[in-house]
Amino acid sequence: MKARLFLIITLITLATTSYAGDAKVPKVREPEAQITELIENLETGDIKQAFDLLLKGSALAKRKPDALSALVDQTKTVFEAYGLPTGYEVVETKKLGSRLINIKFISIHSDDNPMFWNTLFYKRGEHWELLSVYFYDSPNKAGIL
């Protein structure tokens, strides 16, 4: 009986410790916080890592790795012309039901020219993940005007 009780307590302790310490359980990050993190990471110049962190564990990263690679390459090309971002400003946040949020923002760059971004986040379970991201040098193309 003592051996069974010890085994049960041990299993409960291990399960609780494993769950609490599981690095695979991501913290809930609101969409705007994810954008802030993206811009802060892009400011360092490590564009691939910035997008890898943003899309970590997302369906988009799993289903479209080629699109992610193209996004990184396009961003590098744009940043060569505009410079790295030095900040950003959200210009519109639109809730589309309870599971979608569209956030449009501008990133400010070292040459003081803005890039116009359009993002769509989806709430999968309890976690928000990026579904799409587009950026342009024209506010019209980004759907801002």
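Number of Lys pairs in region 29-136 with C-alpha atoms less than 24 angstrom apart, excluding same-chain neighbours closer than eight positions?
Lysine pairs, 8 or more places apart or on different chains, close enough: 23.
Near Ser58, within a Cβ-to-Cβ distance under 11 Å, what is the net charge of the other residues, with Lys and Arg +1 and Asp and Glu -1? If you can, show how the numbers build up before the last one.
Working: positive: Lys56, Lys62, Arg63, Lys64, Arg124; negative: Asp52, Glu129.
Counting the neighbours of Ser58, the net charge comes to +3.
DSSP loop (so not H, G, I, E, B), at most 12 other Cβ within 10 Å: list which trypsin sites (Lys or Arg not before Pro) in region 61-145 pass both filters.
Numbers: sites: Lys62, Arg63, Lys76, Lys94, Lys95, Arg99, Lys104, Lys123, Arg124, Lys141; in loops: Arg99, Lys141.
For trypsin sites (Lys or Arg not before Pro) across region 61-145 that sit outside H, G, I, E and B with at most 12 neighbouring Cβ atoms in 10 Å, the list reads Arg99.
Cβ under 12 Å from Ile35's Cβ, Ile35 left aside: what net charge do those residues give with Lys, Arg +1 and Asp, Glu -1?
Numbers: positive: Arg29, Lys104; negative: Glu30, Glu32, Glu37, Glu40, Glu89.
Its environment carries a net charge of -3.
Full extension from Asp46 to Lys64: what is 0.36 nm times the residue separation minus their Cα-Cα distance, to one decimal in nm?
Numbers: separation 18, 0.36 × 18 = 6.48 nm, distance 2.03 nm.
Full-extension gain reported as 4.4 nm.
Taking the Cα-to-Cβ direction at Lys56 and at Glu32 and moving 7 Å from each Cα, how far apart do the two end points lie in nm?
According to this spin-label approximation, the distance is 2.3 nm.
Could you tell me whether region 29-136 comes out rounded, prolate or oblate from its Cα gyration tensor? Rule is a ≥ b ≥ c as square roots of the eigenvalues, rounded for a/c under 1.5, then prolate if a/b exceeds b/c, otherwise oblate. Provide the component values of the computation, followed by the final result.
Working: a/c = 1.98, a/b = 1.33, b/c = 1.49.
Because a/c hits 1.5 or more and a/b fails to exceed b/c, region 29-136 counts as oblate.
Within 10 Å of each candidate Cβ there may be at most 10 other Cβ atoms; applying that plus a DSSP loop requirement, which chymotrypsin sites (Phe, Trp or Tyr not before Pro) in region 94-127 survive? Provide the component values of the computation, followed by the final result.
Numbers: sites: Phe105, Phe116, Trp117, Phe121, Tyr122; in loops: none.
Taking region 94-127 and a limit of 10 other Cβ atoms within 10 Å, no loop chymotrypsin sites (Phe, Trp or Tyr not before Pro) are found.
Quick one: length gained pulling Glu89 to Lys76 fully straight, 0.36 nm per residue minus the C-alpha distance?
Working: separation 13, 0.36 × 13 = 4.68 nm, distance 2.06 nm.
Contour length minus Cα-Cα distance gives 2.6 nm.
The numbers here are math on the coordinates, done by the rules we state, and not lab data. Predicted model only: the values in this text are computed from it and were never measured. Quick reminder, even Gly has a Cβ in these numbers, built from the backbone with ideal geometry, and neighbours come from all protein chains shown.
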